[in-house]
Amino acid sequence: MDKRTFLKTAGLLTLSGLVSSNAGLANTLLSNAPTLPQSTPETTAAGSFTLPALGFATDALEPHFDKATMELHHGKHHAAYIKNLNEAVSGTPFEGLSIEDILKKVTAKDAKIRNNGGGHYNHSLFWQSLAPATGQMPTGKLLAAINAKFGSMEQFKEAFNTAAKGVFGSGWVWLLTNNKGDMWIQTTPNQDNPLMKRLVKRTGKPLLMLDVWEHAYYLKYQNKRADYIDAFWKVINWQEIAKRM
Ligand code: MN
């Protein structure tokens, strides 16, 4: 029996004992359940982070991002980051903080929170950055900013793709901005992200991001990361990216 199960069981046993010996006191205690120390482990075990729904069906990005990959990537990989994050923050000063605040505070010593907190945040944002292919392109202020920074949309794509192909092993590539209006491309290893101010070289506000872990593309594209990167450009939700400016 692990500590959590033990505490939960002990709590229930304590309450059932009180019910038989002193129903009045037990009822008082039950009506004030949140103040009972025994209720805390149960509350914590449930965890506060939950899997966000995709904004589309798992086959909606076909043929660019296939259904089987989306099901595994969202339903298994992302779900696992959330389960592990809930476990990792339980009983630590990170418990109860927003995901953004967790990422701002996390250090290299908090490996499980770093990996799974990053995993949860990065994937949540990634799903919102995708939409079924309709030939969508950036417009307005966002397009103007991309043109000003990179010269043209084609040059921006080339720079982003080069960065994405250059990530050795698992990681992410980002288009970032800040409150000074700078815009730049940056990569992060594993599940790190540009909110982790104690871990990344430069913090920034994410606009667009791409997961280049093999789990994101191996089923459909095997070792051909470049083909997966090309497919990504067809399923970007540019309206959502523009909102982040
Ligand atoms: Mn992933």
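The values are calculated or read from the model by the stated rules, or taken from the named source; none is laboratory data. The structure displayed is predicted, hence computed values, not measured ones. Positions of Cβ are generated from backbone atoms using ideal geometry, with glycine treated the same way; all protein chains shown enter the neighbour counts.
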Q. Of all the residues that make up the range 48-67, how many are without any contact (Cβ under 8 Å) to a residue 60 or more places away in the chain and of a type in the set (A, V, I, L, M, F, W, C)?
A. 3
Q.
Every residue in the range 181-196 that is part of a loop (DSSP other than H, G, I, E, B) and either at pLDDT below 95 or in contact with a helix residue (DSSP H, G or I) (Cβ under 7 Å, 6 or more places away or on another chain) (or both), please.
A. GLY181, ASN190, GLN191, ASP192, ASN193, LEU195, MET196
Q) Only one residue in LEU199, LEU210, LEU195 is among the aliphatic types (A, V, I, L, M), in contact (Cβ under 8 Å) with a residue 40 or more places away in the chain, closer than 26 Å to ASN115 by Cβ and within 16 Å of the ligand (Cβ to nearest atom), so which one is that? A) LEU210
Q: Could you please find all residues in the range 128-175 being under 22 Å from the mean Cα position of the chain (by Cα), aromatic (Phe, Trp, Tyr) and surrounded by fewer than 20 Cβ atoms within 10 Å (Cβ to Cβ)?
A: PHE168
Q.
Can you find, within the range 176-202, the residue that is farthest from SER129 (Cα to Cα) among those that are within 14 Å of the chain's Cα centre (by Cα) and aliphatic (A, V, I, L, M)?
A. MET196
**Q.** Members of the range 79-101 found to be among the aliphatic types (A, V, I, L, M) and more than 12 Å from the chain's Cα centre (by Cα), listed by number
**A.** ALA88, VAL89, LEU97
Q: For residues that are of a type in the set (Val, Ile, Thr) and not in a loop (DSSP other than H, G, I, E, B), scanning just the range 76-133, find the one that is nearest to the ligand (Cβ to nearest atom).
A: ILE82
Q: Determine which single condition GLY169 fails, assuming it passes every other condition in (1) within 16 Å of the ligand (Cβ to nearest atom); (2) on the phi < 0 side of the Ramachandran plot; (3) small (Gly, Ala, Ser).
A: (2)
Q) In this structure, is GLU240 surrounded by fewer than 18 Cβ atoms within 10 Å (Cβ to Cβ) and over 20 Å from the mean Cα position of the chain (by Cα)? A) no
Q. Out of all the residues in the range 222-231, is one or more within 28 Å of ALA108 (Cβ to Cβ), assigned to a helix (DSSP H, G or I) and modelled with pLDDT of 95 or more?
A. yes
Q) Within the range 47-75, can you find the residues that are crowded, with 18+ Cβ neighbours inside 10 Å, of a type in the set (A, V, I, L, M, F, W, C) and not in a helix (DSSP H, G or I)? A) PHE49, LEU54, LEU61, PHE65
